[in-house]
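Trainee: Take this structure, written in structure tokens, and hold onto it; I'll ask about it next.
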Amino acid sequence: MLRNFLRIMEQLFQTAEITKDQKKLDWIIGYVDADIHDQWTSFKEYEARSWNWFLERLKTEYLELTIKEQGSIDHLRKLCRENARINLLEEE
């Protein structure tokens with residue numbers, strides 16, 4: 001959900017030709033509820049007015065942004081490949 005929100009915001013920035021970090025930060029906090037607004041504006045990355053630093057901070061706060069394949073079939077297949085040597089009948 002957050003990943004989709006950020007993607008939509010990036011599209012908005014591109015369409016509206018918003019390129020300055022300060023404007024991007026002002027816009028994004030305008031679309032979140034009061035609790036999230038308070039949390040995000042308290043980040044030092046927000047206070048530094050750096051869009052890229054702010055996005056990196058969001059990735060540390062919301063792990064789903066970095067776990068791109070979580071819950072996907074591709075992720076499941078990868079897990080199966082990595083653990084193929086495990087025998088279901090084996091005792092621990």
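Trainee: If I go through the stretch 55-82 residue by residue, how many of them are outside any helix (DSSP H, G or I) and at pLDDT below 70?
Mentor: Going through the stretch 55-82 one residue at a time, the tally reaches 6.
Trainee: Moving on. Considering only residues that are in contact (Cβ under 8 Å) with a residue 60 or more places away in the chain and out of contact with any helix residue (DSSP H, G or I) (no Cβ under 9 Å at 6 or more places or on another chain), which ones fall in the stretch 41-62?
Mentor: Listed by number, the list is empty, since nothing qualifies.
Trainee: Restricting attention to the stretch 1-45, which residues are among the aromatic types (Phe, Trp, Tyr), exposed (fewer than 14 other Cβ atoms within 10 Å of the Cβ) and over 16 Å from residue 59 (Cβ atoms)?
Mentor: Of everything in the stretch 1-45, just one residue is among the aromatic types (Phe, Trp, Tyr), exposed (fewer than 14 other Cβ atoms within 10 Å of the Cβ) and over 16 Å from residue 59 (Cβ atoms), namely 31.
The values are calculated or read from the model by the stated rules, or taken from the named source; none is laboratory data. Because the structure is predicted, anything quoted here is derived from the model rather than measured. Positions of Cβ are generated from backbone atoms using ideal geometry, with glycine treated the same way; all protein chains shown enter the neighbour counts.
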